[in-house]
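Here is the structure we will look at, set down as structure tokens.
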Amino acid sequence: MESAAGMTSGEAAGASPQRLNALIGRADRSFFTLLLAQGAAALLLAAAWLIWPAAGISAGWRLAGFAGCALFECAIVAWGCRLRAGRRRAKAVREAGLEAARRDIERQMTERTQQLATAKAQYQALLENINAVPWELDTGNYSCLYIGPQAERLWGWSPAQFAQPGFLIECVHPEDRATLKQALARPEAMQKTAVEYRLRSSDGRTVYVRSELSSGAPAGPSRVVRGISLDVTQQKIMEVELQQAQKLESVGRLASGVAHEINTPVQFVNDSCHFLKDGLADFQTLLGEYRDTLQALAAGTLTPAAALEKMRQRETAADVDYLMENMPGAVDLSLEGLQRVSTIVRSMKDFAHPDQKEKTLADLNQAIQSTLTIARNEYKYVAEIKTELGDIPQVYCFLGDLNQAILNIVVNAAHAIEDVVRGSNRKGEIRIGTRRDGDDVVISIGDTGTGIPEHIRAKIFDPFFTTKEVGKGTGQGLAIARNVVVDKHQGELRFDSAPGQGTTFHLRLPIKPREADEQKAAA
């Protein structure tokens with residue numbers, strides 16, 4: 001049973017005097033002291049009343065007993081009144097405390113609700129105003145369960161359009177659809193991954209998109225993938241410009257070497273031509289004297305013996321034997337020089353292959369030979385070239401970009417070897433080999449240079465990172481090589497290195513485009 005003060009009867013029965021006195025407003029022990037005293041007196045008088053006939057107690061004592069009992073009853077009544085008043089006061093205090101606590105909880109809930117609403121508005125504003133597109137996709141029908149409003153601002157398509165099944169895939173460039181589908185179809189427990197693809201905007205532009213993907217909760221038989229897409233079109237433009245700048249840098253660095261490579265055969269072609277020119281003049285003169293001698297013989301003015309002696313003297317003066325012996329060699333040397341010039345020019349043409357929008361079939365062995373030809377002046381003083389070009393098929397690739405990547409690695413190899421052989425008469429070795437490995441072609445380019453120290457191996461593919469002195473490198477060579485092999489060809493670029501022994505780079509390239517294989521498998 002609940003008392004007015006909020007205590008059960010059991011709690012009231014076990015209450016201490018201090019608690020009861022506090023409830024009825026009396027000092028400690030004062031009320032109970034009075035109650036006990038009055039009760040004792042009443043009990044004594046009651047006992048006297050009961051034994052009065054035997055003890056002969058007078059009527060006065062009997063009246064006193066009644067009075068004591070009355071006083072005891074009054075004390076009990078007073079105590080009850082005070083207890084009820086104390087309970088009412090305790091209840092009022094408790095209810096006031098509960099009301100204050102309720103108001104405080106309501107205030108905190110209101111404040112917290114306002115904070116959550118403010119935070120939600122802030123996060124939503126932040127999410128929807130960044131230059132990226134957040135989205136959530138059902139991989140079952142490729143419909144966007146959610147896509148940020150930035151999609152319409154960046155690409156012109158409304159969120160409602162992306163909610164249509166398959167609309168996102170239809171906007172992707174046909175050659176990149178298989179790549180995106182493959183990334184979206186990875187196992188449910190996949191880690192965060194990234195994929196790049198081209199997207200068609202509403203006005204027909206082609207934009208480059210990079211999406212960071214993460215796996216979401218299952219959606220029935222399909223799965224939800226969440227992602228955030230960045231428009232990297234400007235970045236791609238800058239990469240192309242940077243690659244062109246690096247190509248120009250390479251051409252500028254190689255220009256003097258190429259000029260020297262061309263100048264050497266041109267020089268001995270020039271010398272041979274001058275020799276042939278002088279020899280031809282001597283032969284023309286000698287031929288004229290032969291004609292004059294024959295006319296004299298015919299006219300009878302010169303005897304055959306005199307004519308023979310005259311012509312022998314003329315041949316000796318013209319050094320006919322020397323001319324006959326060396327003029328064929330001069331012709332061969334001229335032809336060889338012209339062939340060398342032609343090879344260099346053709347190699348320059350192959351190396352400076354115009355930028356391609358699409359991959360085409362190319363002979364990588366021929367491309368390597370062409371690159372080595374124009375880079376010869378970079379390595380011929382410090383290294384010998386050893387090639388082991390295997391029987392490999394033609395590869396779908398961006399040939400000009402691959403030429404640039406191979407050149408960058410070869411030049412780096414020559415510089416690494418130069419650091420080892422500088423000040424000596426020794427030469428190092430650059431080894432280049434090609435082989436087929438399943439559906440890939442592997443190009444290996446090794447050197448006997450200094451090797452790559454352990455502490456910088458994680459940085460060598462970073463743009464602008466270089467350990468070369470100023471004027472010898474800009475730190476773009478390996479960064480661009482990685483971009484060409486990994487990003488443009490979906491290949492692999494790795495290296496093995498041992499300090500003091502050299503480094504070998506391995507370029508793994510798919511023979512056919514990865515997306516072509518995916519489409520063939522899907523068909």
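The table below gives the values:
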read-out	value
Qualifying position, being more than 26 Å from residue 418 (Cα to Cα) and of a type in the set (Asp, Glu), among 315, 384, 378, 388	315
Residue that is modelled with pLDDT of 80 or more and in contact with a helix residue (DSSP H, G or I) (Cβ under 8 Å, 6 or more places away or on another chain), where the choices are 207, 232	207
Count - residues of segment 396-425 that are surrounded by fewer than 20 Cβ atoms within 10 Å (Cβ to Cβ) and either part of a loop (DSSP other than H, G, I, E, B) or not assigned by TED's automatic domain parsing to the domain that holds residue 362 (or both)	4
Residue 388 vs. criteria surrounded by fewer than 20 Cβ atoms within 10 Å (Cβ to Cβ) and under 16 Å from residue 375 (Cα atoms)	no
Unmet requirement for residue 301, which otherwise passes all of (1) in a helix (DSSP H, G or I); (2) more than 29 Å from residue 367 (Cβ to Cβ)	(1)
Residues of segment 357-405 satisfying the condition of being at pLDDT below 90 and closer than 13 Å to residue 442 by Cα	402
Sole exception among (1) farther than 21 Å from residue 370 by Cβ; (2) modelled with pLDDT of 80 or more for residue 470, by number	(2)
Every residue from segment 314-327 that is surrounded by 11 or more Cβ atoms within 10 Å (Cβ to Cβ) and assigned to a helix (DSSP H, G or I)	314, 315, 317, 318, 320, 322, 323, 324, 326, 327
Residues satisfying the stated conditions in segment 132-166, i.e. assigned to a helix (DSSP H, G or I), at pLDDT 85 or above and polar (S, T, N, Q)	161
Residue count for segment 84-131, restricted to those that are at pLDDT below 70 and over 35 Å from the mean Cα position of the chain (by Cα)	0
Test set (1) modelled with pLDDT under 85; (2) surrounded by fewer than 16 Cβ atoms within 10 Å (Cβ to Cβ); (3) more than 30 Å from residue 319 (Cβ to Cβ) - residue 264 fails condition number	(3)
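The values are calculated or read from the model by the stated rules, or taken from the named source; none is laboratory data. Predicted, not measured: the structure shown is a model, and the values here were computed from it. When we count neighbours, we look across all protein chains shown, and the Cβ atoms used for this are built from the backbone with ideal geometry, even at glycine.
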